[in-house]
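First comes the structure, then the notes that go with it.
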Amino acid sequence: MSADALDLRSPIQFLKGVGPKRAEILNRIGIHKVSDLLFYFPRDYQDMTQCREFDQLEESPQPQTIVGTIADWSRRSTRRGEMLTLFVNCNDKGYLKGMWFNSFYTIKEFAKDRKVMLTGRPKFDHPYWTMMFPQITYLSDQEDEHVIESFLPIYPLTEGIKQYHLRQIVRAMLPIFVPMLEEVFPDAFLREHNLLRIDEAVRAIHFPRDHTEKDLSLRRFVYQELFVLQLGLAIRRLQHQTMLKASPMVLDAKTNTAIRQRFPFELTKAQEKVLKDIVEDMSKPVPMNRLLQGDVGSGKTIIAVYAMLLSAANGYQSVFMAPTEVLAKQHLRTLTRILEDKSGMFSNINIAPLFGGQKTAERKKILRDISTGTAQIIIGTQAIIYGEIPFAKLGLVIIDEQHKFGVMQRAALKLTVPKNSMSAKHTVNDVANKGSGTLNMGQPYGHSSDFEPHYLVMTATPIPRSVTMTMFGDLDVSVMNELPPGRQPVKTYIAEPEDRTTWWDFVIRKVVEEHWQGYVVVPLVDESEHLDARSVIDVYEQLSAGPLRNCRLGMMHGRMSAEEKEKIMFDFRTGEIQILIATTVIEVGVDVPNANLLTIENAERFGLSQLHQLRGRIGRGKHPGYCTVFYNPKAENVQKRLKAFEKLSDGFRLAEKDFEIRGSGDLFGTQQHGMPPFRVADLVRDKEILYEARTDAVQLVYSDPGLTRQEHAKLRKQMLNRYGAVLNLGDVG
């Protein structure tokens, strides 16, 4: 096929220099069409601005680059390991030695007379110039240092294709296909926001002429990627505010007093501020759509109880969903305790617990109570949303610990949570006999004539601001970072292996003499050949037969049934178990005031936010908490992360630090949230561009709500193609 007949959608195999065999290799890295390769961006660049001739080399702390051909190489054993020496002929002007230790894979690419480029710090060692551990880049015969670009692109590749092969293909295709690209931004927008045109940006990101062009081309694509996402989120928020209806919840002084009398303590200033936001949201005829971020122990459950009682006072039902039965049953106990006084307002509130494994007769009665409105508060796991639950008058949905769920899961939730009435053809008996079903009782987002419930999403895992603006960018956000009075401080220690005996002696003394309890948290259930980490079973057996043999130990992990876990937690709460050895099933929400001791094994396997969650399980009573972590010192970044954990007690500061150290790939990954992954944007590196893109997107949607103007048609199309289904946006514009 001739080059003239190709376009951006043409198969990659017809490009010059590709062919069927190389096309198969490129397919493995996601390159199928011409446009795929145009937007397959370099992961790094080889800076050629410091390229020298042999007689221009000088001893300097600055790296220098030189091009030549391989003349010879040798290997010899030394006390430091095997030394590999490469001799490079630099255009017959002299020889340069590149030297590496234990670089077994480097030699595989060597071939006599092969063109190479070495970058490093040269040192003259008569009669040779020498570079220790230089970076080596292989060039094609056509790549000449005198005409080569200022920056050579380095692409993420797979076996079977070399960097210089891909560079040649991209060089040849750019002049032909770049002019075919469509610009999505209006000219005025490009000028106003200092963005390169699409043709300039694509050429420059592959072969930038200088540092400025390299930075501007990257900025163009980062901004575009984040801006298009923020457009989708802004439109989703606008649809929510203008197309959905909810029942306003009225709060009068009598109801407010009656709710507060149920609480055994004064609320903090942070709790009062959040309640003001929630009461204001629920008083409107549009559904509340709010994320409540509370640091560990900040009192989110009380906020949830207040909102549910407000809903009940207005004659509506509430659903309170937690990610695990352990946490859901703890919420059930908390709510039962608050409502145990059967006098005054709320004396007739009925709570319906909805969990797996309930007997048919019991479940049938609960569903009947829900369908008739006898049950005003329903508590269970997030599996509720997948069942055919016959709500009589649902007014409020609260989802606890939803930090693992992003905008796509919430969009799905709004499709599956039933509206205020049950379909007549589905009886309570049908539902009870089926258990969890798949009936979609809702209607598509933005097209329901029914009233939507108010939504409150809560998390005790503080979320970095940049993640909040992407994964939770469709929600209003409240933050609670003040601990209730009486919460005790927790002292954190980073321990070495030799500290184990001292720590266990301290644990035994506190358990025996002061009747304290504690947790030992382990990353794995069973031992693994592939992971250097301890398991619950191994640690339980070792401690039972060793330092804690005179203590009453229990073990809990995620593979146990709900009944087994509930029995263990009951024994732990009542003091029958003194030390609970567990996986992270106790990470969220578990509240045992007498538990003041926490041991974490293999701390390197947990993120900072997760470590902070675990630390939040202790110090909930009248005594301070003691947290000691043991770790594998060989793990990457472990010292840096654990020092931050030891030093910082503020969960929000820890979340930002965790994000900074681990990067956006490990924390709140976009694919986990149902979002298409970012191709060029990095939420750690590019957060300032994100803030700019969000502001600009909100302004654009405000001025052109449906993106219906002609100059915004291409932006609308791109936004819908990428995020329309994920955000359930429907027919925008």
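Annotations
- Residues of segment 73-93 satisfying the condition of being on the phi > 0 side of the Ramachandran plot and either in contact with a strand residue (DSSP E or B) (Cβ under 7 Å, 6 or more places away or on another chain) or modelled with pLDDT of 90 or more (or both): Gly81, Asn91
- Checking each residue in segment 269-322 for being of a type in the set (Lys, Arg) and in contact with a helix residue (DSSP H, G or I) (Cβ under 8 Å, 6 or more places away or on another chain) picks out only Arg290.
- Qualifying residue in segment 294-304 (condition: closer than 23 Å to Ile370 by Cβ, in contact (Cβ under 8 Å) with a residue 24 or more places away in the chain and not in a loop (DSSP other than H, G, I, E, B)): yes
- Residue check for Gly437: of a type in the set (Gly, Ala, Ser), in contact with a helix residue (DSSP H, G or I) (Cβ under 6 Å, 6 or more places away or on another chain) and either surrounded by 15 or more Cβ atoms within 10 Å (Cβ to Cβ) or modelled with pLDDT under 80 (or both): no
- Test: residue in segment 21-32 that is assigned to a strand (DSSP E or B) and outside the structural domain of Gln135 (by TED's automatic domain parsing): no
- Long-range neighbours under 6 Å by Cβ, at least six apart or interchain, first residue in contact (Cβ under 8 Å) with a residue 12 or more places away in the chain within segment 255-267, second surrounded by 14 or more Cβ atoms within 10 Å (Cβ to Cβ): Thr255/Ala313; Ala258/Met345; Ile259/Tyr306; Ile259/Leu309; Arg262/Ile338
- A single member of Leu614, Leu597 is surrounded by 16 or more Cβ atoms within 10 Å (Cβ to Cβ) and part of a helix (DSSP H, G or I), and it is Leu614.
- Hey, Asn91 touching a Gly at 6+ places or on another chain (Cβ under 8 Å), more than 12 Å from Phe133 (Cβ to Cβ) and among the polar types (S, T, N, Q) or not: yes
- Residue in segment 519-542 that is among the small types (Gly, Ala, Ser) and either more than 27 Å from the chain's Cα centre (by Cα) or under 30 Å from Ile278 (Cβ atoms) (or both) present: no
- One residue stands out in segment 264-303 among those that are surrounded by 24 or more Cβ atoms within 10 Å (Cβ to Cβ) and of a type in the set (Gly, Ala, Ser): the one that is farthest from His240 (Cα to Cα), namely Ser298.
- Test result for Val590, within 22 Å of Pro462 (Cβ to Cβ), touching a helix residue (DSSP H, G or I) at 6+ places or on another chain (Cβ under 8 Å), at pLDDT below 90 and assigned to a helix (DSSP H, G or I): no
- Top-ranked residue of segment 333-350 - restricted to ones that are within 37 Å of the chain's Cα centre (by Cα) and within 15 Å of Ala307 (Cα to Cα), ranked as surrounded by the most Cβ atoms within 10 Å (Cβ to Cβ): Leu335
- Just one of the listed residues (Gly357, Gly387) is surrounded by 19 or more Cβ atoms within 10 Å (Cβ to Cβ) and either in contact with a Phe, Trp or Tyr (Cβ under 6 Å, 6 or more places away or on another chain) or modelled with pLDDT under 80 (or both), namely Gly387.
The values are calculated or read from the model by the stated rules, or taken from the named source; none is laboratory data. Keep in mind it's a predicted model, so treat the numbers as computed, not measured. Cβ coordinates were reconstructed from backbone atoms using ideal geometry, including for glycine residues, and neighbour counts include every protein chain displayed.
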